[in-house]
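The values are calculated or read from the model by the stated rules, or taken from the named source; none is laboratory data. The structure displayed is predicted, hence computed values, not measured ones. Here the Cβ positions follow ideal geometry from the backbone for every residue, glycine too, while neighbour counts run over all protein chains shown.
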Ligand SMILES: Nc1ncnc2c1ncn2[C@@H]1O[C@H](COP(=O)(O)OP(=O)(O)OP(=O)(O)O)[C@@H](O)[C@H]1O
């Protein structure tokens, strides 16, 4: 899936400047009748950055993308694209939208769909021919170029949908749940396609429900809840700001507990707590500071007359951060 020597996309900038903002959003608000879908959203996307937006259903992610793509008008706020107001002439051309719902024609072939979307983007005839050829390579669908889309799998349609949104070579790509409803193999393929555009300098903003996808496929994560940004940073930043040094410990002892253990170790101001269940030889518990409290937990086990047979310290993940911030699972 390499773009190849005849790739019509511009060469990547020699140096991607993380101090140049592709997008700057300030105090973005959107009100639908009596509902505030966005309540003052602020963030910036640097040039060449991959930013993932996470949030429970109804957090405002789609509304945000729609505001950026000009599909809905914000009630208030400012959007700058490479320093220019989004409504200035020609500025929107820098943005490519890949919507969540598939916006394709089932009764047209892959090539015809690509041509139709290229025309919507105002691409000239000669350039469009090159772009369509590129898109067929990029999506890996050259051998299906003349087949009707109606017979395609969900993953194949997603790839065509993606190509239709970026045929005009936008410098910023907005994707609303680009992998919704596709199998893991297709997800990999879609991310490989996005990596290729990112390598050529495109800045990427996507929304996702997949915590692993956000963690592995983005440089930075923004968590939204109820129309607001509630966290923004790299995964390391978010862990530090939320769960910090606390860790989940899974422990197995040499025989079933006669009664729960009393654990004294979680800091001077915290009352002792009981850990584990009578009759079971394994338990899980969260400790505040692994560097201090893990030793104390092991001591508590020994003082109660047991010995540790096995132990696992779970690294904090985006899942722990998300639970800490929102108090619920992503799919709630
Ligand atoms: N056109 C609309 N008219 C009225 N309310 C709307 C409209 N679009 C969205 N909303 C409401 O705005 C809020 C935010 O919705 P939005 O679709 O942006 O959330 P989301 O984070 O994308 O959710 P999901 O993960 O389910 O896609 C929700 O309460 C939704 O019901």
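Give 39, 34 a once-over and let me know the one that is within 15 Å of the ligand (Cβ to nearest atom) and at pLDDT below 95.
Result: 34 is the single residue among 39, 34 that is within 15 Å of the ligand (Cβ to nearest atom) and at pLDDT below 95.
Return yes when residue 174 is in contact (Cβ under 8 Å) with a residue 12 or more places away in the chain, over 16 Å from residue 138 (Cβ atoms) and touching a strand residue (DSSP E or B) at 6+ places or on another chain (Cβ under 8 Å) and no when it is not.
When the stated conditions are applied, residue 174 passes them.
Can you tell me how many residues in the stretch 201-247 are in a helix (DSSP H, G or I) and crowded, with 17+ Cβ neighbours inside 10 Å?
Residues flagged as in a helix (DSSP H, G or I) and crowded, with 17+ Cβ neighbours inside 10 Å within the stretch 201-247 amount to 8.
What residue, among those in the stretch 43-64 that are part of a loop (DSSP other than H, G, I, E, B) and within 6 Å of the ligand (Cβ to nearest atom), is surrounded by the fewest Cβ atoms within 10 Å (Cβ to Cβ)?
Here the answer is 57.
Just a yes or no: is a residue in the stretch 293-311 under 30 Å from residue 210 (Cβ atoms) and at pLDDT 85 or above?
Yes, that holds for at least one residue.
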